[in-house]
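The values are calculated or read from the model by the stated rules, or taken from the named source; none is laboratory data. Every value quoted in this text rests on a predicted model; they were computed, and no experiment measured them. Cβ placement follows ideal geometry from the backbone for every residue including glycine, while neighbour counts extend to all protein chains displayed. The protein model used for the area step is the full one, side chains on, heavy atoms only, and it has no ligands, DNA or RNA in it. Shrake-Rupley method; radii C 1.70, N 1.55, O 1.52, S 1.80 Å.
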Amino acid sequence: MTRTLTFTIAAEDAGHDLRYFVRRRLGLSARVLTALKYEGEMRLNGRHARSVDVLSAGDAVALVLFDAPGDYEPIALPLTVLWENEDFLVADKPAGMPVHPSPGHDRDSLLHAAAWYFRGVPDFVFRPLYRLDCDTTGAIVLAKNKFAAGAVLEKTYMAVCEGTPPESGVIDLAIGLKPGHTVERCTGIGARAVTAYRRIAADGAHSLMAFRLETGRTHQIRVHMAGIGHPVVGDDLYGGKTDRTNRQLLRCTSVRIVCPVLNTDKTVAADFTPAQKRLFPALFNVERENKNHPAAVWAEAG
């Protein structure tokens, strides 16, 4: 969606050019500066401006980024909104819904649901800031404009895993496509992948775990936990048992959105659903009683 930002130049920025103000003072990327030149507009005191124009105290600067509408089919699918403002929407993605259309999911993706939600917006663009696997649930952030697309995100994931992993640790194992497969990944080949984890609760057979990712490889948490012998429950692709659920019990439970140019620093929580908690009541009873469990500490630290 087209977005315009306006600023009044302070005395300390006088004498610098517009490029300096955009890159250094506002902290916007070179990509955004290029987009302002070719996909938007820069105005100085109401007139078209160039990045080399020198600023004076009191000048009015307007930065505009236009969006061309995407060609999406809006379909009336449920979309649970956890939080929304002018620049971002955080949705609670359910299990079984891919982020983008895919084989077997031609008309039931998050894209279709968002297109329906924004069907009255003429220049809506579907712009998720990360991807969740089809059966992974929880918070996913949509940027409503190109400025918002540059936000820094800090996510916490939680999962129920088989067995009792160590209390905390870091898994540093490369992940790549398993030879001879088109979907399944394995450790030991491919690109470096780093996952930090903490155990929240355990009942002997299963553990409730919290995760922070230092990298963003496909299936990273699922592959790493299987790689250390503790696959995610319900994840039959990587060895998780399916006696209680046939969907991986992995969820993005918290995301912090930081975007100074849009005055945004917001943490959105996405707790496990009641149906998910009923599958392992002992684990979630402990989690609920422990107000200082590591997932909460991670969220508060963000």
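Below, the figures for the structure above:
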| quantity | calculated |
| --- | --- |
| Residue that is least open to solvent (accessible area, probe 1.4 Å) [pool: residues in the range 108-141 that are in a loop (DSSP other than H, G, I, E, B) and among the aliphatic types (A, V, I, L, M)] | LEU132 |
| Some residue of the range 63-73 being among the small types (Gly, Ala, Ser) and more than 18 Å from the chain's Cα centre (by Cα) | yes |
| Residues of the range 3-42 classified as outside any helix (DSSP H, G or I), open to solvent by 40 Å² or more (accessible area, probe 1.4 Å) and either modelled with pLDDT of 95 or more or farther than 16 Å from ALA62 by Cβ (or both), total | 11 |
| Flag for ASP71 being over 29 Å from VAL258 (Cβ atoms), part of a loop (DSSP other than H, G, I, E, B), open to solvent by 80 Å² or more (accessible area, probe 1.4 Å) and out of contact with any helix residue (DSSP H, G or I) (no Cβ under 9 Å at 6 or more places or on another chain) | yes |
| Those residues of the range 83-107 which are touching a His at 6+ places or on another chain (Cβ under 8 Å) and open to solvent by 50 Å² or more (accessible area, probe 1.4 Å), in sequence order | PRO101 |
| Cβ pairs under 7 Å, 6+ apart, first in the range 71-93 and closer than 16 Å to GLY138 by Cα, second surrounded by 14 or more Cβ atoms within 10 Å (Cβ to Cβ) and of a type in the set (Phe, Trp, Tyr) | LEU79/TYR117; VAL90/TRP83 |
| Any hit, the range 248-261, residues being touching a residue at least 40 places away in the same chain (Cβ under 8 Å), part of a loop (DSSP other than H, G, I, E, B) and over 30 Å from THR6 (Cα atoms) | yes |
| Only one of ASP243, ASP265, ASP271 that is part of a strand (DSSP E or B) and free of Cβ contacts under 8 Å to residues at least 60 places away in the same chain | ASP265 |
| Matching entry among THR195, THR136, THR164 (being touching a helix residue (DSSP H, G or I) at 6+ places or on another chain (Cβ under 7 Å) and not small (Gly, Ala, Ser)) | THR195 |
| Cβ pairs under 8 Å, 6+ apart, first in the range 123-146 and without any contact (Cβ under 8 Å) to a residue 40 or more places away in the chain, second of a type in the set (Val, Ile, Thr) and in a loop (DSSP other than H, G, I, E, B) | PRO128/VAL99; ARG131/VAL99 |
| Any hit, the range 45-57, residues being open to solvent by less than 60 Å² (accessible area, probe 1.4 Å), under 23 Å from the mean Cα position of the chain (by Cα) and polar (S, T, N, Q) | no |
| Enumeration of residues in the range 252-274 that are over 29 Å from LEU28 (Cβ atoms), over 12 Å from the mean Cα position of the chain (by Cα) and of a type outside the set (A, V, I, L, M, F, W, C) | ASP271, THR273, PRO274 |
| All positions within the range 222-232 that are touching a Ser or Thr at 6+ places or on another chain (Cβ under 6 Å) and open to solvent by 40 Å² or more (accessible area, probe 1.4 Å) | GLY227 |
